[in-house]
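In what follows, a structure is listed as structure tokens, so that the remarks can point back to it.
The values are calculated or read from the model by the stated rules, or taken from the named source; none is laboratory data. As the structure is a computational prediction, the values presented were derived from the model and not from experiment. Here the Cβ is made from the backbone with ideal geometry for all residues, glycine too, and neighbour counts use every protein chain on show. In case anyone asks, the SASA skips ligands and DNA or RNA and just uses the protein heavy atoms, side chains included. Shrake-Rupley method; radii C 1.70, N 1.55, O 1.52, S 1.80 Å.
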Amino acid sequence: MGRYIRIKEFCKSHEIEESFVYCLQEFEVIRIQIRNDEALFDEAELPGLEKLLRLHRELDINPEGLHAVNHLLSKLEQLQEEVRMLKVKINRLKQG
């Protein structure tokens, strides 16, 4: 089982409204879980959430725009992984 972060604590430490995080959940940018009447998110989502929060603050991107940015970043990571795998295959062919 992974580690979880309380939304109340995250919002307090980052000085944002909890409604912002819940709005990101509506746009499927973050997954919130309720345990013992507390809203939590997986610690693994923290870097991505902080990146999106910076974009929101610095570029004034709304949650819907953050959803689009998140989707594009995900696609970019997939393509980078595909390129890496293709390079490995090409190197194997060159050596073989």
Nearest-20 debye value, the chain charge dipole, Cβ charges on Lys, Arg, Asp, Glu: 860
The chain, helix-only ellipticity at 222 nm - DSSP H runs n ≥ 4, -39,500 (n - 2.57), divided by all residues, nearest 500: -22000 deg cm²/dmol
3J(HN,Hα) from dihedral phi, the stretch 74-90, Karplus parametrisation 6.51/-1.76/1.60, rounded to Hz, x for glycine, proline: 5, 4, 4, 4, 4, 5, 5, 5, 5, 4, 4, 5, 5, 5, 4, 5, 5
Accessible area of the chain belonging to carbon and sulfur atoms, whole % at 1.4 Å probe: 51
Residue-normalised accessible area of the chain, given per residue in Å² at a 1.4 Å probe: 78
Separation of the GLU28 and ASN91 label points, Cα + 7 Å toward Cβ, nm: 3.5
Projected label distance in nm at ARG57 and ILE16, using a 7 Å step from Cα toward the beta-carbon: 0.9
The chain - percent relative contact order, Cα under 8 Å, separation 6 or more: 25
Ordering of 26-37, 49-60, 77-88 by burial proxy (mean other Cβ atoms within 10 Å per residue, highest first): 49-60, 26-37, 77-88
Prolate/oblate/rounded call for the chain, Cα gyration tensor, a/c under 1.5 rounded: prolate
